[in-house]
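Quick note: the coordinates plus some simple rules give every number you see, no bench work behind them. Keep in mind that this is a model prediction, so the values were computed, not measured. Here the Cβ is made from the backbone with ideal geometry for all residues, glycine too, and neighbour counts use every protein chain on show.
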Amino acid sequence: MNTQTSLDYGIPVFDNQTVLDFDPSNADPASALFLSLFAQLAPLDASISYGALDTLVEQGGSIHHGPMGQFNQQIAEAAAVPFARIGFMGTSSVNESALGHVMPQLTKAGDKSVVLLDSAAHTSLLAAIAISGQTVVWLNRRYDADLDVQNVPTACAIEAALRLNPAIETVAITSPDYNGCVADIAAISKVCERHKAFLYVDGAWGVGCGIIEGYPANPVTLGATAASVSFHKKGIGLSQTSCLYSRNAAFTTHYDSQSLDHFTTSPSYLALGFAQVMHTELTHGEVGDDWARIPDLHKSLAARTADIHPKIWVLGPQDSGAQTADPSHLLFYLGDIGISGFDMVSAMAQLGYDCEKGTFKTLLILLSPSLLGQEEALIKALHRSVKTCLNRKMVTNHQTLRAINPPVLKNSSVTIRNAKRGRSHNVPLKTACGHICAVSIAVYPPGTPILAPGSRIETSHLTYLYTMQRMGGHVSGIDMTTEEPVIAVLKPSLSAVP
Ligand SMILES: Cc1ncc(COP(=O)(O)O)c(C=O)c1O
């Protein structure tokens, strides 16, 4: 077999051998490259022994040298940040390691430290808190019921929380959020610095940030201690390819030793090889050029909403209290015409479009290079879907149901770790008020928790869960499809822990 060694990872690429039957010439450049790499590299999956890669995880070397060290350097230079670490077990593992293992090593109170946590926290941040045993003070996002969007966290709200609670040593926020809206990281960093708190940003959605023209800046260059990102969300590498950016040397040193303990000693060569080629293409190739065209695509679609329906418009960052947003998130406001985002997702799916999420009043479409040149078809599909929804009156009870405020997360004396590890039992949801929740409960979309482990269940939670379920939302943490849904709560002895 004819082989060549063309990747920095030294992975042999087999010429003229494909494992997939596809025609890359019909695909956009990013998909074509992705598919052709997959076909070439798939036969070589991870667990082969390959001497040159020993240094990947410090077997006989250091992760600062060898192919992995070079790739980390490449990522850091492209993002203009002091340190970058490629991740290969999802952004979840990066978040868990950074917030759950590293922060307690840097903060004075360690495992007993207090974290100010964004209410839009992904489940991996809750897992991080459970790993360490830290205590959470919730930073609740303001919800705008008219537009059905959550506002981004503000420097002002964070300053107030830090003043009220000087024990907070870490602030952890999600930015960009699911809708792509970006918090004012520069102002928030300054506030954190004044109060001697670390700032950790879950930037899973912000792949282009600081790398591609027309996208917001990288949180770390704006002053955050560290930030995570999901490369795979923009096709930069296979699923689970993620990254940690940092500007803090001590943080990075702890992260390196933690990640060796908590990730894997067998990182996938395939995943890393892919990620490196795609990252190079993003920063120096056609893939990056295509992503740089997305801001214009966003603008031109936003200018054509009248062709979809005269009363539909695109929400901008200012509608969520933000100054900037990731342009690959296109958020439509549908609120006043009697159809919901849930129904639009189904109607668009029937036309072959996979919309990212619908809420009661909004529809989110993620723009990618595959939509370049497809603008007209997308507008037509949206127009047809609106008509379908209006004609068929797909929204059950739409006229009677109003968007409802998610209940705010309240601070609890039972830590997330104690609640997760405590003895629990199931009780009927309908009679769960007053109990302490043992699990995390969220409604997707948006998928952020309304009850964390340790939260006291109140009537407002039940009202929200049943209403959102009727509207078309999916409740996670409880099986709402059964006749009598049950919820895991702590046994009374643990609930009473002061
Ligand atoms: C804000 C946020 N953080 C973290 C993650 C976890 O990323 P991964 O699936 O790569 O573990 C997600 C996943 O969607 C996310 O939306």
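Key figures
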quantity	calculated
Only Lys, Arg (+1) and Asp, Glu (-1) charged, at Cβ; segment 416-495 dipole about Cα centre in debye	380
Point-to-point label distance, THR463-ASN405, nm (Cα→Cβ direction, 7 Å offset)	1.0
Spin-label pair CYS156/ALA349, simplified geometry with 7 Å Cα→Cβ offset, distance in nm	4.0
Extended-chain gain in nm, criterion 0.36 nm per residue less alpha-carbon gap, SER413 and ALA167	87.1 nm
For segment 160-242, the spread of Cα positions along each principal axis, largest first, Å	42, 25, 20
Relative packing of peptides 215-221, 166-172 - highest average C-beta neighbours within 10 Å first	215-221, 166-172
Which listed pairs, of LYS196/LYS410; LYS380/LYS430; LYS233/LYS361; LYS233/LYS299; LYS299/LYS361; LYS108/LYS420, have C-alpha distances above 32 Å, in listed order	LYS380/LYS430
Relative contact order %, segment 262-327, counting alpha carbon pairs below 8 Å whose residues are six or more apart	17
Using a Förster distance of 25 Å, the FRET efficiency for ASP336-LYS299 (Cβ separation, nearest 0.05)	0.60
q = 0.16 Å⁻¹, segment 416-495: log10 I(q)/I(0) [Debye, one scatterer per Cα]	-0.52
Selected from HIS329, HIS309, GLN374, residue furthest toward positive end of dipole (segment 296-392; charges at beta carbon)	HIS309
Among 68-76, 226-234, the order from most to least packed when residues are scored by Cβ within 10 Å on average	226-234, 68-76
Estimated inter-spin distance, ASP307 and HIS425, nm [label 7 Å along Cα→Cβ]	6.2
Relative contact order, percent, segment 273-402 [alpha-carbon distance under 8 Å, six or more residues apart]	24
Square roots of five times the Cα gyration tensor eigenvalues for segment 266-409, Å	32, 18, 16
Neighbourhood net charge (12 Å Cβ-Cβ; Lys/Arg +1, Asp/Glu -1) for LEU429	-2
Cβ-placed point charges (K, R +1; D, E -1), dipole of segment 296-392 about Cα centre in debye, nearest 20	320
Residue-span extension gain [HIS284 to ALA217] - 0.36 nm each, minus C-alpha spacing	22.3 nm
Residues GLN73 and ARG194, FRET efficiency given R0 of 51 Å [Cβ-Cβ distance, rounded to 0.05]	0.95
Protection proxy ranking of 302-309, 179-186 - average other beta-carbon atoms within 10 Å, highest first	179-186, 302-309
